[in-house]
Every structure is written in structure tokens, then in C-alpha cells.
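Novice: Encoded as C-alpha cells, here's the structure I'll be asking about.
The values are calculated or read from the model by the stated rules, or taken from the named source; none is laboratory data. Since this is a predicted model, take the numbers as computed values, not measurements. Cβ placement follows ideal geometry from the backbone for every residue including glycine, while neighbour counts extend to all protein chains displayed.
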Amino acid sequence: MHDRTKTLFIETVGCQMNVLDSELVVGSLRRQGYELVHEPTAADVILFTTCSVREHAEEKTYSALGRLAPHKKANPDTVIGVLGCMAQKDQEEVRRRAPHVDMVVGTGQLARVPELVAEVQRTRVPQYALSLGRSDGGKQSVTASFESFDPPRDASMRPTPFQAFVRIQIGCDKFCTYCVVPTTRGPEQSRHPDHLLAECRQLANEGCKEVTLIGQTVNSYAFDHGDGRRTRLSDLISRIHDIESIERIKFVTNFPKDMTNDLLDAVRELPKAVKYLHVPVQSGCDEVLKRMKRQYSIDSYREMLYRCRERVPGVAISSDFIVGFCGESEESFGKTMDLVREAKFKNSFIFKYSTRPGTKADDLYPDDIPEEVKKRRNNDLLQVQNANCLEDHKSRIGHTVEVLVEGPSKVGERQPPGLRQMIGRTMTDHIVVFDGHDRLVGRTLSAKVKEASPFTLFGDVKTGEIASGDLVAREAEPVRRVGLTII
Ligand code: 5AD
Ligand code: SF4
């Protein structure tokens, strides 16, 4: 008897952790014979990798689930699963608001997805797999209930074959008052460096050239071997650096207080280390930072910026901001504007504060900044940042930069394959677009910057590099996206 192929649809909302979780879940289901489809209604199994960091992200998932209710009614054999942060945080609410969901699987239980899908199909009984809440047990048992999910990769599921995320740490112990992550992803745990090295070697063997090490506070990575030895992020990067075919090593996201000199020295000294640091500050006002429980003052953040730039000449630094946090006065916000004017971030990711039930901020402080004020502050800050971006980009006109070619740009995707607009990134994580052949995907080449907008550098690659016969004659893999929505 020949079964028809089983089909899977997955939608991903949120951060790089979620992108990686989806990639790995898809990989594990493909090994069970599932094929990815691009329409939920064409799938036997429909999964949502969810984000809880802002309310908007959750509402997006609830709307998508709501739209699927009639489909599920007409096709009761379809399995619908909610994975990740929202699952871990709000299992009861998911059950209540979307009773047609068959599976709720937390961030620390994703290894069980194939088994749970099979169980739903066999029994038609909803399945729940969740880790303990942060106060539901002793530290050890809570920690043990969150397992890092990092099975062998399915190279074809990566956004491009030559780039990969590597999770070096799970969870977070910082407990910023506005943030759900310590609840949704559990206690901070660093993975064993030997396992990470093995993962990077395997990725390199499969053709991966760039690894991005990910963790919520990636620079607090530390693995204690139990015999007095400790592996820090700087040590890990230098070990990965020895893998010959890895060309670039990035890491995100950094916590300001944990930006140690050994790490900055490693970034400077190791040629493969990308000269880019994402170090969210969140606000330019000490009182706000205190209410956010960020554990640093603006003076110490400024000192850290200075140290980064002194120790890693030419480094690009980016940041995140929350505007309209509880009690943020015009004066407080003015301090954030001043910081952005002066700090010259490569870019800033700006978010309007979204109150999150269960967080300290939600308990302690009223969400007292009206939505229009949040919007205005968001726009004002963005304007200052965009002006800085343009200035930074313009200063690069005429320079030659090393670009790792990622694939066709948005414009290029609408052009026929062959010679079209391509997109790549420099060693300082700047985006460059240029006309090039699909064969260049995955190659590192020199581009001369000829024009600049606030968001993009426009470059020229040498004609030889566009059409050179010594290139490996392989067509670019199509860029595969696992139903990703960045919010
Ligand atoms: N509201 C708005 N933005 C938030 N972030 C985290 N929690 C919230 C929240 N409750 C932002 C922070 C963080 C980024 C990933 O999301 O800026 O760095
Ligand atoms: Fe959230 Fe703060 Fe941890 Fe970042 S460091 S994940 S903002 S609690």
C-alpha cells in the first residue's frame, strides 16, 4: 500500500530563536515523511511557532487560529499545533480561545512534536507538553524541564544553505520588568562547547560559511566544565574560528553589562568575527532603566559604547528601544532622543511598550502613556535614527567592502533568474545591493559603494566577479522561507 505524502504548514512569528525552532521542527517532521506546503488548508499538520513579546504578536496568532476554525470543522483529521512562547505562557488561554487546537507545545518540549502529532492522529485527544513555570518547583527541576532543542539539521530547510543559526544558550535570568522571555524560555542555560563545535563542524561540512550564534543574552554565555574550567563566548568563538570553511561568525543579542573586554578583544583579533554588536539599551533615561530593571545606568552604557569602539575600531553597533514605557515623561524620552542622536547606532529597532500580563512591570506600574504618544515617540526616534543611518551610509560611498552574497533582493526576486539585483552583507552587517549573477550566492566578494539610502548601500561588483568562469557553476538555491512573519 502506498500512503500519499503527508503535508505540513508552519507559520513563524518573532525572533531568530523562533526561526531556528521552526527550521528544526520542520526538519524533524520531514524525517517522518512530511513535505512542507505553503497553504495551511493544503496541510495535514498546521503549526504556529509563536511569540509573546508584544500583544500584537499574540493577537496575530489568535486571528490566524480563528480563521482556521471552519477549516478544522470541515477537516477534523487536520492537526493544529501551537508551539513556543505563547504555548508555554498561556496554555489555558489557547485552549479557551482556540478550542480546535490539538497540540500545545512549549519552547522546552519541541523535541516531542513528531511523537505528539502521531499521538493526536492516533487518539484524536489533544496533547499538551509544557515545561514547569519559573516558580513551579526548585531551580533544578524547573531548569531540567526546559530542554534545548537542537537535533541534527536538515540543510535544505535553512534560509540559505551557507548561513545558519546556532543556539548556544537558552532562557534568560535577567528578568527585565517588561519582558516575558524569562517565563516563556525558562532559566538561562549555556550549551556544552563540544556539542556546539560538533554542530558547527557539521554545518561547515554541509557548506555553511556563516554561523550566527544566538542567545537572549548571548554574551553572558559561560559553560562551567565542573573541573574549574570555564568556556566563555570569546573562547567559543576562537574555537569555531579554527573551522576552516567557516568564514564569518556573528552573535546576537548582547546584554550591555556583560560586554567584557576578552570578548571585544576576540572580535577585534579574529578575522572571521563580524565587526557588529547588537547591544540593546532600551531607554536613554536612568529612571526608566531602573523601572525596567536593566541593571545599568546610561553613563555605564556610554562607557561600554566607548570601550567597544576603542577596542574594535570600525565596529558597528545597533540597539533596541522601548518607547512609552510606564512613567516615561517627555523629559525621559528627550534623553532617549539625545542618546540616539549622539550614539550613532548602525540601526535601532524601536518598539512601543506593550504591557504583558504576568510581568513585574504589569504588576507594579500603570501603562500610562497613551497610544498616540507612543506612536509619536516611535516616529520621532525613527527619524533621528534614519538620519544617522543616511549619514553613516553616505560616509561609505567610494569605499570597497567585502560582501557575503545572500541571494536575490526583494527587487531581484521579481526579476528572472540569471543577472539580477542581489543582496549581501558586509563584515559590519551593512546591507549592500548590487547587480550580480545567481551564481554568486554564498560567495564573498568586493563591492564598491556608489550610492546610499538610509536603509541600503548600493554597490558595484567587479565585472570579472559578475561573470567569472572560475565560479562554481551552480545555480543559486531558491531562498526558502518557512512562513516567516517578522513583527
Ligand atoms: N513591549 C515592547 N517591546 C518589548 N520588547 C521586549 N518586551 C517588550 C514589551 N513588553 C522589545 C525589547 C527587546 C526586543 C526583543 O523586544 O526592546 O530588546
Ligand atoms: Fe527579556 Fe531582559 Fe532577558 Fe532580554 S535580557 S530576554 S529583554 S528579560
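Novice: Could you check the stretch 135-161 and list, in sequence order, the residues that are within 17 Å of the chain's Cα centre (by Cα) and touching a residue at least 60 places away in the same chain (Cβ under 8 Å)?
Specialist: PHE149, ASP150, MET157, ARG158, PRO159, THR160
Novice: Evaluate the following for LYS209: is it touching a Lys or Arg at 6+ places or on another chain (Cβ under 7 Å) and more than 16 Å from ligand 2 (Cβ to nearest atom)? Walk me through it before giving the result.
Specialist: Details: touching a Lys or Arg at 6+ places or on another chain (Cβ under 7 Å): yes; more than 16 Å from ligand 2 (Cβ to nearest atom): yes.
Yes: the conditions hold for LYS209.
Novice: Right, here's the next one. Modelled with pLDDT of 95 or more and either touching a Phe, Trp or Tyr at 6+ places or on another chain (Cβ under 8 Å) or over 22 Å from THR12 (Cβ atoms) (or both): does that describe SER145?
Specialist: Working: modelled with pLDDT of 95 or more: no; either touching a Phe, Trp or Tyr at 6+ places or on another chain (Cβ under 8 Å) or over 22 Å from THR12 (Cβ atoms) (or both): yes.
Taking the combined requirement at face value, the residue does not satisfy it.
Novice: With the requirement that a residue be of a type outside the set (Asp, Glu) and either under 25 Å from SER245 (Cα atoms) or part of a strand (DSSP E or B) (or both), what does the stretch 448-460 give you? Full working, then the answer.
Specialist: Step one: filter the stretch 448-460 for residues of a type outside the set (Asp, Glu), giving 448-450, 452-459.
Result: LYS448, VAL449, LYS450, ALA452, LEU457, PHE458, GLY459.
Novice: Test ASP90 against the stated conditions and say whether it is surrounded by 18 or more Cβ atoms within 10 Å (Cβ to Cβ), under 23 Å from the mean Cα position of the chain (by Cα) and within 16 Å of VAL13 (Cβ to Cβ). Write out each step before concluding.
Specialist: On the way: surrounded by 18 or more Cβ atoms within 10 Å (Cβ to Cβ): yes; under 23 Å from the mean Cα position of the chain (by Cα): yes; within 16 Å of VAL13 (Cβ to Cβ): yes.
Spelling it out, ASP90 is indeed surrounded by 18 or more Cβ atoms within 10 Å (Cβ to Cβ), under 23 Å from the mean Cα position of the chain (by Cα) and within 16 Å of VAL13 (Cβ to Cβ).
Novice: Among the basic types (Lys, Arg), without any contact (Cβ under 8 Å) to a residue 12 or more places away in the chain and away from ligand 2 (no atom under 16 Å from the Cβ), is that true of ARG309?
Specialist: Working: among the basic types (Lys, Arg): yes; without any contact (Cβ under 8 Å) to a residue 12 or more places away in the chain: yes; away from ligand 2 (no atom under 16 Å from the Cβ): yes.
It is true that ARG309 is among the basic types (Lys, Arg), without any contact (Cβ under 8 Å) to a residue 12 or more places away in the chain and away from ligand 2 (no atom under 16 Å from the Cβ).
Novice: Within 16 Å of ligand 2 (Cβ to nearest atom) and touching a Leu at 6+ places or on another chain (Cβ under 6 Å): does that describe ILE322? Walk me through it before giving the result.
Specialist: On the way: within 16 Å of ligand 2 (Cβ to nearest atom): yes; touching a Leu at 6+ places or on another chain (Cβ under 6 Å): no.
Considered against the rule, which asks whether it is within 16 Å of ligand 2 (Cβ to nearest atom) and touching a Leu at 6+ places or on another chain (Cβ under 6 Å), ILE322 comes out as no.
Novice: For PHE162, only one of the following conditions fails: (1) out of contact with any Gly (no Cβ under 9 Å at 6 or more places or on another chain); (2) over 27 Å from LYS360 (Cα atoms); (3) surrounded by 22 or more Cβ atoms within 10 Å (Cβ to Cβ). What is its number?
Specialist: (1)
Novice: Considering only the stretch 171-215, how many residues are within 16 Å of ligand 1 (Cβ to nearest atom), within 15 Å of LEU233 (Cβ to Cβ) and either buried (at least 22 other Cβ atoms within 10 Å of the Cβ) or of a type in the set (Ser, Thr, Tyr) (or both)? Outline the logic, then answer.
Specialist: Of the stretch 171-215, the ones within 16 Å of ligand 1 (Cβ to nearest atom) are 171-185, 188, 212, 214-215.
So of that shortlist, the ones also within 15 Å of LEU233 (Cβ to Cβ) come out as 188, 212, 214-215.
Next cut, either buried (at least 22 other Cβ atoms within 10 Å of the Cβ) or of a type in the set (Ser, Thr, Tyr) (or both) only: 212, 215.
Of the residues in the stretch 171-215, 2 are within 16 Å of ligand 1 (Cβ to nearest atom), within 15 Å of LEU233 (Cβ to Cβ) and either buried (at least 22 other Cβ atoms within 10 Å of the Cβ) or of a type in the set (Ser, Thr, Tyr) (or both).
Novice: Return the total of residues in the stretch 392-419 being of a type outside the set (A, V, I, L, M) and touching a residue at least 40 places away in the same chain (Cβ under 8 Å).
Specialist: Just the residues of the stretch 392-419 that are of a type outside the set (A, V, I, L, M), to begin with: 392-396, 398-400, 402, 406-410, 412-418.
Subsequent filtering for residues that are touching a residue at least 40 places away in the same chain (Cβ under 8 Å) retains 392-394, 396, 398-400, 402, 406-408, 413, 417.
Counting residues in the stretch 392-419 that are of a type outside the set (A, V, I, L, M) and touching a residue at least 40 places away in the same chain (Cβ under 8 Å) gives 13.
Novice: I'm told VAL101 meets every condition in (1) of a type in the set (Val, Ile, Thr); (2) within 16 Å of ligand 2 (Cβ to nearest atom); (3) in contact with a strand residue (DSSP E or B) (Cβ under 7 Å, 6 or more places away or on another chain) except one. Can you identify the failing condition by its number?
Specialist: For VAL101, the failing item is (2).
Novice: Okay, next question. Can you list the strands (runs of 3 or more DSSP E) lying wholly within the stretch 230-298 that have 2 or more residues being more than 16 Å from ligand 1 (Cβ to nearest atom) and of a type in the set (Lys, Arg)?
Specialist: Numbers: elements: 230-232, 248-252, 276-278.
In the stretch 230-298, the matching strands (runs of 3 or more DSSP E) lie at 230-232, 248-252.
Novice: To continue, here is another question. Within the stretch 59-87, take every residue that is touching a helix residue (DSSP H, G or I) at 6+ places or on another chain (Cβ under 7 Å) and aliphatic (A, V, I, L, M) and give me the one that is farthest from GLY14 (Cα to Cα).
Specialist: VAL79
Novice: Surrounded by fewer than 21 Cβ atoms within 10 Å (Cβ to Cβ), more than 13 Å from ligand 1 (Cβ to nearest atom) and under 26 Å from ILE431 (Cβ atoms) - does that describe any residue in the stretch 350-360?
Specialist: For the stretch 350-360, residues surrounded by fewer than 21 Cβ atoms within 10 Å (Cβ to Cβ), more than 13 Å from ligand 1 (Cβ to nearest atom) and under 26 Å from ILE431 (Cβ atoms): absent.
Novice: Hey, another quick one. Tell me which residues, restricted to the stretch 101-152, are of a type in the set (Lys, Arg), over 26 Å from LYS73 (Cβ atoms) and not in a helix (DSSP H, G or I). Working first, answer last.
Specialist: Of all residues in the stretch 101-152, those of a type in the set (Lys, Arg) come to 112, 122, 124, 134, 139.
In the following step, the residues that additionally are over 26 Å from LYS73 (Cβ atoms) were identified as 112, 134, 139.
Scanning the stretch 101-152 gives a single hit, ARG134.
Novice: Still on this structure: Could you check how many residues of the stretch 268-316 are at positive phi and either in contact with a strand residue (DSSP E or B) (Cβ under 9 Å, 6 or more places away or on another chain) or crowded, with 21+ Cβ neighbours inside 10 Å (or both)? Before you say what the answer is, go through the steps one by one.
Specialist: Applying the first criterion (at positive phi) to the stretch 268-316 yields 282, 293, 295, 314.
Restricting the remaining residues to those that are either in contact with a strand residue (DSSP E or B) (Cβ under 9 Å, 6 or more places away or on another chain) or crowded, with 21+ Cβ neighbours inside 10 Å (or both) gives 282.
Looking only at that region, the number is 1.
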